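Here the structure comes first, spelled out in structure tokens, and everything after it is commentary.
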Amino acid sequence: MALNIEGKKLVVEEVSAVVADAGSMIAAEYRGLTVEQMTQLRASARAAGVKVRVVKNTLARRAVAGTKFEDMGETFVGPLVFAFSGEELGNAARVFKDFSKDNAALVVKSLSIGDGVMDASQLAIIAALPTYDEALSKLLYVMKEPVAKIARGLVAIKEQKEAEAA
């Protein structure tokens, strides 16, 4: 059923609100996916905190106009599903990468983390980005390890001196 002008405005407004909060965006062609497969994609995206929308390309272009994802509008061709990650930039990429392993019909066309359009070949790189918690734990490990080495070295010197004294 075709949308009237008011319905289209509501869709653009809704997608614009999602785009404004998004840290990354992916556009993928879903031609050939069944309804069950799309339901699985939506469920895995929801579990990862990723918003998935199927919107007409002209409405999507209007929704991203004036945002950091505006450059992606040129790649909106064919039946596309759009995914939006929040603060975790790699979540949408991980969901689409994992889903496309079992479903070859899902073909990523373009993606962005807010700094220009990236080719679909960059999907694996974005998917490999650590989550906030992983990055924080790596940072803490890097900060803690030099102090731990000094402490281990001092303990070794103490034990060596005790062994020499005995």
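The values are calculated or read from the model by the stated rules, or taken from the named source; none is laboratory data. Quick caveat, the model's predicted, so the values are computed rather than measured. Neighbour counts run over all protein chains shown; Cβ positions are idealised from the backbone, glycine included.
Taken over the range 54-106, the residue count meeting the criterion of being of a type in the set (A, V, I, L, M), buried (at least 16 other Cβ atoms within 10 Å of the Cβ) and assigned to a strand (DSSP E or B) is 3.
For the range 22-50, a residue qualifies if it is under 17 Å from Thr131 (Cα atoms) and surrounded by 12 or more Cβ atoms within 10 Å (Cβ to Cβ), and the qualifying residues are Ala22, Gly23, Ser24, Met25, Ser44, Ala45, Arg46, Ala48, Gly49, Val50. With the condition kept exactly as written, say whether any residue in the range 42-52 is assigned to a loop (DSSP other than H, G, I, E, B) and among the basic types (Lys, Arg). The answer is no; no qualifying residue exists. Take the conditions in a helix (DSSP H, G or I), in contact with a helix residue (DSSP H, G or I) (Cβ under 7 Å, 6 or more places away or on another chain) and either in the same structural domain as Ile26 (by TED's automatic domain parsing) or surrounded by 15 or more Cβ atoms within 10 Å (Cβ to Cβ) (or both) and apply them to Ser121. Does it pass? So Ser121 fails the test. Being under 19 Å from the mean Cα position of the chain (by Cα), assigned to a strand (DSSP E or B) and not assigned by TED's automatic domain parsing to the domain that holds Leu136 is not true of Ala17. Could you tell me whether the range 91-107 includes any residue that is more than 27 Å from Arg31 (Cβ to Cβ) and among the small types (Gly, Ala, Ser)? No, the range 91-107 contains no residue that is more than 27 Å from Arg31 (Cβ to Cβ) and among the small types (Gly, Ala, Ser).
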